[in-house]
Amino acid sequence: MATRERVLDAAEAVFALRGFDGATIRDIAAEAGEPVGTIHHHGGGKEALFQQTVARRAEALSRARLEALAAAKASAKASAKASAKAEGAPELEAVLEAFIRPFFDLSKQEARWRNYARLVAFVSVDDRWSEISAQYFDPTAEVFLAEICALVPEGARGQVAASFVFTVSSTLALLTSQGRIAALSGALGAEPTEEKAQIGQLVRFCAAGMRG
């Protein structure tokens, strides 16, 4: 089990750095400190290993997001009950935060989640991996889309879906582009914003886009 985890950690790092096409099994073996045969044994071919690497963290991310959404909905109901209001649905910002923030929380627990964010970014923009997205990410996306559609009823499903994809892309960009943000902040004469504040800014940015 430890060897397999080491292989997947190495695959995640190499795929995140070089993408699927740029990575080789030999690169992954070197990163893992294992012979090439061990990589094939635990991962199969490169495509099978790529899918396993994406799948490994998908369930944990989905669970964290759904738990955050459930907490947001429970908090909204409690607030409505306390104020004797009939409505108990969470605000759009709360739903978006439930989707966005867990990825950052997980990355604080383990830095390798930043590599995973780069990996997901590759999957998101390449039609070759549409089946991976459909299997590992779409079920949770559908739950959040349903919540968002209920909060912005004036928006057509296609518009909401487009805004949701923009949200995914923006989340991945913030997870992977801290250096770029810091560089541009310095170029503009400003101190880089702390990540906690950036997440709040991202939530507001995405919510405004969906309402617009």
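Points to keep in mind about this one:
- Verdict on A71 being touching a residue at least 12 places away in the same chain (Cβ under 8 Å), part of a helix (DSSP H, G or I) and surrounded by 17 or more Cβ atoms within 10 Å (Cβ to Cβ): no
- Summed over the range 114-127, residues that are in contact (Cβ under 8 Å) with a residue 60 or more places away in the chain and over 22 Å from A207 (Cβ atoms) total 8.
- Qualifying residue in the range 48-59 (condition: more than 22 Å from the chain's Cα centre (by Cα) and farther than 12 Å from Y116 by Cα): no
- The sole residue among E110, E97, E93 that is more than 15 Å from V14 (Cα to Cα), without any contact (Cβ under 8 Å) to a residue 24 or more places away in the chain and among the acidic types (D, E) is E110.
- Within the range 26-45, considering residues that are in contact (Cβ under 8 Å) with a residue 24 or more places away in the chain and within 27 Å of D127 (Cβ to Cβ), the one nearest to the chain's Cα centre (by Cα): G43
- Criterion applied to A94, A117 was being surrounded by 19 or more Cβ atoms within 10 Å (Cβ to Cβ) and within 17 Å of L174 (Cβ to Cβ), and the one residue passing it is A117.
- Exactly one residue among A48, A29 is of a type in the set (G, A, S), modelled with pLDDT of 90 or more and buried (at least 20 other Cβ atoms within 10 Å of the Cβ), and that residue is A29.
- Unique match (being in a helix (DSSP H, G or I), closer than 30 Å to V95 by Cβ and of a type in the set (G, A, S)) among A10, A60: A60
- Out of T3, T24, T53, sole residue that is farther than 29 Å from A207 by Cα and crowded, with 20+ Cβ neighbours inside 10 Å: T53
- When S124, S107 are checked against the criterion of being touching a Leu at 6+ places or on another chain (Cβ under 8 Å), surrounded by fewer than 17 Cβ atoms within 10 Å (Cβ to Cβ) and over 14 Å from L66 (Cβ atoms), S124 stands alone in meeting it.
- Any chance L184 is touching a helix residue (DSSP H, G or I) at 6+ places or on another chain (Cβ under 8 Å) and surrounded by 12 or more Cβ atoms within 10 Å (Cβ to Cβ): no
- Enumeration of residues in the range 144-158 that are surrounded by 14 or more Cβ atoms within 10 Å (Cβ to Cβ) and in a helix (DSSP H, G or I): F144, L145, E147, I148, C149, L151
The values are calculated or read from the model by the stated rules, or taken from the named source; none is laboratory data. This is a predicted model, so every value here is computed, not measured. Here Cβ is always computed from backbone atoms with ideal geometry, including for glycine, and neighbour counts include all displayed protein chains.
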